[in-house]
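Accompanying notes for the structure given below.
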Amino acid sequence: MNRAQGASELLRKRAERVLAGGVSSDARRLPNGTLFVDHARGAYLYDVDGNRYIDYVLGQGPALLGHAAGPVVEAVAAQAGRGISYSAQHRDEVELAEALARVVPSAEKVRFNSVGSEAVHGALRLARGHTGRGKVVKFEGHYHGWLDPVLYSVHPPVDAAGPARRPQLVPGTGGQQLSSAADVLLAPWNDIEALTELMERHGDDVAAVIMEPVLCNTGVIMPVEGYLRAVRDLCRRTGALLVFDEVITGFRLALGGAQEYLGVTPDLAVFGKAIAGGMQLSAFTGRAEIMDRISSGQVAHAGTFNAHPVAVAAARATLEVLERDRDDLYPRVFRLGALLADGLREAARQAGVPLVVTGPGPMIQTYVTESDDVRDYRDFAATDLAASARLHGLLMDRGVNIVPRGLWFLSTAHTEADVHETVAAAADALRALGTGR
Ligand SMILES: Cc1ncc(COP(=O)(O)O)c(C=O)c1O
């Protein structure tokens, strides 16, 4: 089955002449073919060749209300007409911060940035400034943006990564400022004994323990029962701040993010992606006594575009819908995700493909693996990643767009009919994968 790709191919050739690697973000280099989007609306993407895709990438997560959601588009247009960027204070940033303080359990005070990587940077600097300590614990397989101090051991080659329970820090890129490695300690996730041992050795130097509270950059993996609470207690005992990177889970898993959904409150939290319906806005939030290190001038934080008026308007419109309709919207997205997961499982069973589907609903993950227990990076790395990449291509050819590593984001714009159409396309793709294996 082949998509029309003539216009995309022409653009790919032009892009390769002028964009390094042909793309503007490494994540857009697809394992199969190219995708040049012409426009997007609701649950659909349309490419420059006129192909329609049911979209489960949603701009890597942000379009929780679907693409070009009416209230967001209206808010953006109205604000653009009133001034695009002031780099000055405005009423909407105060009202947005008030909304965050209302809905996010850990958020007493807020600072805004533009993208997730920046807000992570702000939170970790603040953690160091507050505790007077230098080190940060991160977990293998967790992604916190593309900046040097955290770009370690996201998807390291397993043969270079040391023993699973005492993983070694592996740099993420050429050109990385490797002096930052001295300030990063690495732990396996979902393993409280391993973290406790690490904290016994280094706890006095640790400013922050940062994690994705539901791991979404390495499969979609829930914390095991009691794990987050145990990490919370360990941080309290050792004086390290617990930082939840909710750039994916924020507003998606629940209005108050994973911290609301899982009932564990961090000291600081970072948000991005779904906060602003597709505009570039991020935030870090936390307890007032910590956040006030910034206002007292002890910890610096700045940015020309912080609390950008158009992005803030988009976020206000998004939160207004989510807050007003939360009792309807969230259960619906969970239900649709479960319907999709069940349909994919059944389609895989019929095709004889060992597909494991996990995730709470607003995001789900498909792995090609015989194992039924994926609980950390090493388990993820042991799945058939090449088959997952092939499945991504087979789905694209059938009008379904997912994140190539097997991640699917749901939006409030998806319908049951979309899910049924997706499952039918996936059944065909899985049959093709099964016969090609
Ligand atoms: C959990 C998490 N944190 C941070 C980031 C970085 O956000 P951004 O790409 O907006 O800089 C991402 C991006 O995918 C992410 O998934």
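The values are calculated or read from the model by the stated rules, or taken from the named source; none is laboratory data. In this text, all values refer to a predicted model and were calculated from it rather than measured experimentally. Please note: Cβ atoms are built from the backbone with ideal geometry, for glycine as well, and neighbour counts cover all protein chains shown. For the accessible areas, the whole protein counts, side chains as well, though only heavy atoms, and no ligand, DNA or RNA atoms are used. Shrake-Rupley method; radii C 1.70, N 1.55, O 1.52, S 1.80 Å.
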*Round to a whole number: what % of the accessible area of the range 25-92 belongs to carbon and sulfur, probe 1.4 Å?*
50 percent
_Computed P(r) (all Cα pairs; the range 217-344; 5 Å bins; percent)_ = 2, 9, 15, 19, 20, 16, 11, 6, 2, 1, 0
_Placing unit charges on C-beta atoms (Lys and Arg positive, Asp and Glu negative, everything else neutral), compute the dipole magnitude of the chain about its Cα centre in debye, rounded to 20._
680 debye
*the chain, Cα convex hull volume normalised per residue, Å³*: 144 Å³
*Which whole-Hz couplings ³J(HN,Hα) result when phi for each residue of the range 375-391 is put into the Karplus expression 6.51 cos²θ - 1.76 cosθ + 1.60, θ = phi - 60°, listed in order with x for Gly and Pro?*
10, 7, 4, 4, 5, 4, 5, 7, 6, 7, 5, 5, 5, 4, 5, 5, 4
*In whole Å, what is the distance between the alpha-carbon centres of the range 354-388 and the range 157-178?*
22 Å
*Please report, to one decimal in angstroms, the Kirkwood hydrodynamic radius of the range 70-322 built from all distinct Cα-Cα pairs.*
18.4 Å
*asked:* Using alpha carbons only, how many angstrom separate the centre of the range 193-228 from the centre of the range 58-110?
replied: 30 Å
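Within 10 Å of each candidate Cβ there may be at most 15 other Cβ atoms; applying that plus a DSSP loop requirement, which trypsin sites (Lys or Arg not before Pro) in the range 128-198 survive?
R165
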*Per DSSP H run of at least 4 residues, take -39500 (n - 2.57); add these up for the chain, divide by its residues and hand me the 222 nm value, nearest 500 deg cm²/dmol.*
-13000 deg cm²/dmol
_Per residue, in Å², the accessible surface of the range 249-310 once ligands and nucleic acids are set aside, probe 1.4 Å_ = 30 Å²
